[in-house]
Each structure stands twice: as C-alpha cells, then as structure tokens.
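Read through the structure below, which is laid out as structure tokens, and then see the notes.
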Amino acid sequence: MKFRVERDVLAEAVAWTARSLPVRPPVAVLAGLLLTADENGLALSGFDYEVSARAEVSADIAAEGRALVSGRLLADICKSLPAKPVDISIDGTKVNLVCGSARFSLLTLPVEDYPTLPEMPSRSGAVPADVFAHAVAQVAVAAGRDDTLPILTGIRIEIDGDTVTLAATDRYRLAVREFTWKPEQQGMSAFALVPAKTLADTAKSMTGEVELALSSGASGEGLVGLTSSGRRTTSRLLEGDFPKYRSLLPSESLSYATVATAPFHEAVRRVSLVAERNTPVRLSFSAGELVLEAGSGDEASASEALEAQLDGDDIAIAFNPTYLLDGLGALDSSHVRLAFTTSTKPAIITPTTAEGGGDGTEYRHLLMPVRLSG
Amino acid sequence: MSLSGVWTDVVGQASAVDVLASAVAGEPGAMTHAWLITGPPGSGRSVAARAFAAALQCAAGGCGDCRECHTVLGGTHADVEVLSTELLSIGVKETRELVRRAALSPAGGRWQVIVAEDADRLTDQAANALLKAIEEPPPKTVWILCAPAIEDVLPTIRSRCRSIHLVTPSTAAVAAVLVRRDGMDENTARVAALASQGHIGRARRLARDPDARSRRADVLALPRKVGDVGSCLRAAERLIEAVKADVAATAEVTDAAERESLKAALGIGTGAKQPPGAAAALKELEKRQKTRATRSQRDGLDRALVDLVAFYRDVLAVQLGSGVDLVNEAEAPAVQDVATASTPEVTLRRIEAVLACRTALETNAAPLLAVEAMTLGLR
Ligand SMILES: [Zn+2]
C-alpha cells in the first residue's frame, strides 16, 4: 500500500471517520481505522459493531493495499500536519506517514482480526440533508431510552413512493413526521426500524443531499445506509414489531387551541420549576385564555396565564412537563395547535400559524395526558 | 462423521457435534433459537459454543479458515457477542446490553449470535430480564447459553432452550489432540491427559509447561505434609500460594499481551500525547483483568482440589488392588507411600474432607479457612 493524498482531504476524512470509533473498544482492533487503497482511491473505515462509517477520498495510488492503524493516533497526527501533500506507505508492521519535513511511523494492528464490514444496501432515494436531519430530530425526541424495550428505542422509517414517514414512540408520546423525497423507483415501498440515537447523530453530520438505502434482497439485509458527499454510514436495524401507531392518532377532536409557541414553551418551563421532578403541569383552556399551573396545596405552586384561541369546549388537561417541553421544542412554527377529545385521551400537537389551521399531517406529536387524582 | 474445520477443537464430543452440525447445515427441524450447552469443567463448553457460532457465520458451515471463522474464534466478529463474565454473578446491568443486542439485525446478514458462558451465574432478576428476549427473539437471533449442568440454570430459562450435553473427553481423545495440534510426543501427551482428567486446556499446559507440572507436583505433595496442627496450617497456606503462583504465571502473559494490543489500538506510547479516553479504557481493561484473576484463582483452587481427590482415588485403587491406570503416574511413589501408611477407610474419609472443602468454596467460604479445615481433616 502506497499513496499520496492532500492534507486537508485526509484530515477531514480521518476526523469524520474517527468520530464514530468506540472510545472504550470492547476488543482492541475496533479502535483501529482501516485504510483501503484501490483503483477507486482511498477509503477510510471505522466500525463499532453497530454502526460503520466509511469516507472515500481521491488519492494518487501507487500501490494498492490495506492497513489497520490506531484511529485516534492518526486523527491526532493529521491535525498537526503542515499544509503539504501526505505520503503514506506500509512497511512491514509499520505505516509510514511523511508530510513535508514531518515523519511519523504508526504500528499496524492485525488486519486479519478486523471484523468484516457490513455491505452497503442499494440506494432507495434521496432528500436534502437539512430536511432529513430536521425531520429525524423532530421524531427522535419521542423515542424511548430503555434498552430492555429495544423496539421503542428506534425510529421507524416508512417509504411509500415519494412520501417518507418517520415515527417514534416511548408509549407516553408519539412523534410522526412526513416529507417528500426523490425515490429511486416510483411506487416503491419499504420500512425499517433504525436505532434513534444513531440515526439522529448521523443525520446531523451529513451535508448536501442524503441518499438513503434500505435493505432489500439478500445482500445487506437488515441494514440501513446513509450516504452524502462520499461519506457512508451503515447501521444495523432493530428487529421486532413496532407499535401500530397510526391507530393511536385520533381521527377527529372535540376542541382545538392555538397558542404562540415560544411564550408557551417558556411558561411551561417556569411553572414546572416549582414542581417536583415530573409532577404534572395542568393546562386549563377557556375562551381566549390558557392558565398553566403546577404544584399544589402545601407544596410550592406556580401559575401563569397566556393568551390562547379556543375552538370548542373548555378543557383542563395535565401533562408531564418534560414531555410537553420536548413536544413544543420539536416545533419550528410560530404557533402550536393542540387538539383534544377529553382530558384522559391523548392530545395532538401540530405546527400552525397565528391564523390557525394546522390540519396538515407533516408533523404530529401525540402526548398522553397525566390523570389527575380527585 | 469426520471432524473438520472449527469442530476439530471440540474434542471427544461426537454426538454433540453431530447435533450442532446438522443445525448449521439447516436440516429440517435441526435449528432453533436458543441452546443450552452443559458439561463438566474442562469439557469445552465455551469452545463448543464458539465453534457453533463460527459454523453459523461461515458460508461453508465452519471451514475454520475463512475470515468469518477466524474472527468468531478470535472474539472480534461483529455478529457474535460473548458474555464471558469473570464476576460471580450476572446481574440485570450486564443483561440489558444483551437484550438490546438480541433485538438487532446481524451486520453480516447471517445470524446474530449471543453466547452467555456462565448462564448458571444469572441472578433471578437478570434471568427474568432475559426471558422474553430468549423466548421470542427476532428470526436471525440465536442464543447459546453454557452451564456445568442443566439443573444449574433456572427452570424458566432452560425450558426455553434445546439442551446439548458434553461429556468429559476420554484420556485417549485428549492425548490425541496434544499430539496432533501441539506436536507433543505420545508419552508426554498421555501422562498430561491422564493428569488433567479430561480437561483439555489443563492438559495442554501440563504437557507444554514444565513449571506448570512442578506447581502441580507441589499440590500433590500435600498429602505427605499433613501431620500436627502446625504442619496442616502451613500446608494449607502453601497450597493457596501454589495456586496463586500458577494462576499469576498464566495471567501475566495474557494480561501483558492484552495491554499492548489495546495501547497500540488507542495509539498510546508512539510519542504523541495520550488520546482522550485512553486512560479510562486502560483502567477498564485493568479492572477486567483483576476480576478475571479473582475468578481464575477460585477456578485454580478448585482444580487443585480435583487433583487431590484424584490422588486419593489413586491411593484407594492401590489399596484395593483394582489395577486401573493411575491418574497420577508421575507421582506413583507418593501414592504408594500414602497407600501403605493408611487404610481404605481413612482414604475415603480424606476424599470426603476434600469434597467438603470444594462445597464450602462454592458457597463463598473464605479460601484459607476452608483449606485449613480440609488439611486438618486429611491427617
Ligand atoms: Zn469458515
């Protein structure tokens, strides 16, 4: 293996790949970064058994080959290099790196012990990276964090032609987001359950256009692949039955309230300060007004009133303040619409404007109310 | 069937290998999602579990040569998770990660294999946390649990597993492996195989390492060193020291190799400053090695007691003139001495004393006290 590569190109690709290496590797070779030089250029790969990252860059390849070196060390070295071309070659059990007058020699790790890297599934479609990252972040808040219920720690991706639906739930809330994209084939349909943290972290790091690849067929089965600008990430999928969430979304509601998002968010945060952790915040909607209250009786209590539009019967309902804040925080609209049936049935938060409306299905965030005793 | 590939290391277990290989071959009804491999210490439970895992990941059913076989056997395959606990019990915390792993699709598209080497050490809560994951895993997840005996595993767990029982491999089978794989001469191999009582790893060390042989001889010198109370207490102390030395000698090599490979992987010691997280990773390794040492010492002491039982069984054989092969051929003169100086009744009582010590240690008695009680009983 022998090649020459631009310093910035190498440093950026190494930094991106090394980012996904495990800090405490369960086996030593996983702290390694695999360099592969072949006719396509240079590829850098890292793998933590669940997520694999691969960056491809152009390089002048003098001799093809592979080498496994410490990812952290290579990343540190690359940061310190002068702005000159970098020559990398393998020499026995060492990898030599020369850049201007700087020379480094890195120990190689046993490449034969490195686990087989997952194969990239074939491309399903594409969407702008910012749209994708935002959509993922909006549903990731509702995903569960309890590893003993693995299914609920995932984000469900459903592809139906040119519509993609993302959904996540931890049983107390459910977030559903739809967006349109450019599918590889018209009328295709596919679904997968991806670990939420992985999907959110990966989506954030992508730029330009994201290509999404969902498993189909024998090779790369059970994987999701995300590619943008020569950087590819694969993740394993969670297996099992995701809750049938569409039936949880009520088809009609009895009353609707519209509130300005930012003041609402701030008020919830303020009144929940006095309440013990996760004791509910109560919302009472009447014509033109929303009263928020937390705490009661002997404990500290707080209340605050906000302007609100109400269409329908008065309603009093209580929520876990953290969940309510998560739901409001996931919105990107000036106003929020809350749809209710009764105080014991889930409420639905959707984005809207000062003029109201908000029957769209672009983003829906369902919250289970807390039953108030007495 | 002839053993080949990954199965060659599963020594003297033809019928178990038959069942596992048919499962790998996909014969109708042969595969299932949860297995329980039982067998006495040294029968190769974890070797069998890893061989099975490798065979499941290998496109050729366990060729032993491909990258998948190599990485499974070497412990780096992405789709084989091995919980080899050095702890005395496996709690809920350790099992949480397993439950999550069981729900993931395999990265290589074949199987997601989870091996729990000490299923007998699962606490009740941990076992409960695993129940659902073992009962209804995703279609490509396979559990392989290991334990000394079926009864050691909670009924709720074992009723969900297909059971595979390993036997203590015959002396001939163990000796054959030492000759074939380690290039030992027939006699050394036979003596080591006999002395190991079917424990392959132990046999290999006795055959290869003269120090291991002399430390074992130290242990077996004990029956002639117990006389007055003072000598019994000294003998007990000496036994514990001998076991410690034996364990430390093996651990030293493994520990250093692990430390070096982790350092290389983390990029420590090549001149650059220590990368973030490296110290924590090294500390974690050290902790793991320490708990492993504690566990190895318990296992080592148990093995020494098994050796002692075998010694007294040899004594009994001589006293009764049964004419069977001695386990301790190298210690024949000592066996003779003790046999002449005592009666079969005394020998039986001494065997009881050693077995009582094993039982006490299993229930976490302080090692020195338990061994002292034993040496006093060996007078
Ligand atoms: Zn193979």
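Just a few scattered comments:
- Scalar couplings 3J(HN,Hα) for segment A:235-240, obtained by applying the Karplus form with A = 6.51, B = -1.76, C = 1.60 to θ = phi - 60°, are 9, 5, 9, 8, 9, x Hz; x denotes Gly and Pro.
- All aspartates and glutamates inside 13 Å of B:LYS140 as judged from Cα atoms, apart from same-chain residues fewer than 8 positions distant: A:GLU221, A:GLU239, B:ASP79
- The protein assembly as shown: equivalent-ellipsoid semi-axes (sqrt of 5 x gyration tensor eigenvalues, Cα, Å): 58, 34, 24
- For chain B, alpha-carbon Rg relative to the globular expectation (2.2 N^0.38 Å, N residues): 1.07
- Ranked from largest, the principal axis spans of the Cα set of segment B:221-379 equal 69, 31, 24 Å.
- Across peptide A:31-38, the mean count of Cβ atoms from other chains lying within 10 Å of each residue's own Cβ comes to 2.
- Estimated FRET transfer efficiency when R0 is 56 angstrom, pair A:TYR245-B:ALA217 (beta carbons, to 0.05): 0.20
- Unit charges on C-beta of K, R, D, E only; dipole of segment B:224-378, Debye: 720
- Under Karplus coefficients 6.51, -1.76 and 1.60, residue-wise ³J(HN,Hα) of segment A:88-103 in Hz, glycine/proline x: 10, 8, 9, 9, x, 9, 10, 10, 9, 10, 10, 9, x, 8, 8, 10
- What the phi angles of segment A:115-130 give under the Karplus curve with 6.51, -1.76 and 1.60, with θ = phi - 60°, is a coupling list of x, 4, 7, x, 7, 6, x, 7, 4, 9, x, 9, 8, x, 4, 5 Hz, glycine and proline written as x.
- For the protein assembly as shown, the dipole from Cβ point charges (+1 on Lys and Arg, -1 on Asp and Glu) about the Cα centre works out to 1700 debye, to the nearest 20.
- In the structure shown, the pairs A:LYS182/A:LYS345; A:LYS244/B:LYS132; A:LYS204/B:LYS287 are assessed against 29 Å; a Cα-Cα span above that value is assigned to A:LYS182/A:LYS345; A:LYS204/B:LYS287.
- Once the Cα-Cα distance is subtracted from the 0.36 nm per residue extended length, the B:ARG162 to B:ARG358 segment shows a gain of 67.6 nm.
- Three-way shape call for segment A:248-374 based on the alpha-carbon gyration tensor, with the a/c threshold at 1.5: prolate
- If R0 is taken as 25 Å, the Cβ-Cβ distance between A:ARG24 and B:ASP299 corresponds to a FRET efficiency of 0.40.
- Span per principal axis, largest first, for the Cα atoms of segment B:5-165 (Å): 39, 33, 32
- Relative exposure of B:TRP143, A:TRP16, judged by other C-beta atoms within 10 Å (fewest first): A:TRP16, B:TRP143
- The H on the amide N of A:ALA62, modeled in the peptide plane, is under 5 Å from the matching H of A:LYS2, A:PHE3, A:ARG4, each at least 5 residues off or on a different chain.
- Charged-residue dipole, Cβ positions (Lys, Arg, Asp, Glu), chain B about Cα centre, Debye nearest 20: 720
- Projecting the Cα atoms of B:TRP111, B:GLY62, B:CYS232 onto the charge dipole of the protein assembly as shown (Cβ charges, centred on the Cα centre) puts B:CYS232 farthest toward the positive pole.
- Taking every DSSP helix (H) stretch of at least 4 residues in chain B, weighting each as -39,500 (n - 2.57) and dividing the sum by the residue count yields a mean residue ellipticity at 222 nm of -19500 deg cm²/dmol.
- Partner aspartates and glutamates for B:LYS225 [C-alpha distance under 17 Å; skip if fewer than 8 residues away on the same chain]: B:GLU237, B:GLU241, B:ASP307, B:GLU331, B:ASP337, B:GLU372
- Residue order, fewest to most surrounding Cβ atoms within 10 angstrom, among B:THR8, A:THR169: B:THR8, A:THR169
- Entry note, segment A:170-269: relative contact order of 22 percent, from Cα contacts under 8 Å with a spacing of 6+ residues.
- Amide H to amide H distances under 5 Å link B:ALA116 with B:LEU83, B:ILE144, B:LEU145, B:CYS146, where only residues 5 or more positions off or on other chains count and H is placed in the peptide plane.
- Along chain A, the exposed loop sites are GluC sites (Glu not before Pro) outside DSSP states H, G, I, E and B with at most 10 other Cβ atoms within 10 Å, and the longest stretch free of them is A:40-251.
- With neighbour counts taken as other beta-carbon atoms within 10 Å, the residues A:ASP313, B:ASP79 rank, fewest first, as A:ASP313, B:ASP79.
- Percent of alpha-carbon pairs separated by more than 35 Å within chain A: 40
- Our analysis of segment B:130-206 gives Rg over Rh at 1.20, with the two radii drawn from alpha carbon positions and Rh computed by the Kirkwood formula.
- Listed pairs A:LYS94/A:LYS197; A:LYS197/B:LYS263; B:LYS244/B:LYS290 exceeding 25 Å between Cα atoms: A:LYS94/A:LYS197; A:LYS197/B:LYS263
Computed from the coordinates by the stated procedures, all read-outs in this text should not be read as laboratory data. Source: prediction; values computed, not measured. In this analysis, Cβ positions are derived from the backbone assuming ideal geometry, glycine residues included, and neighbour counts consider all displayed protein chains.
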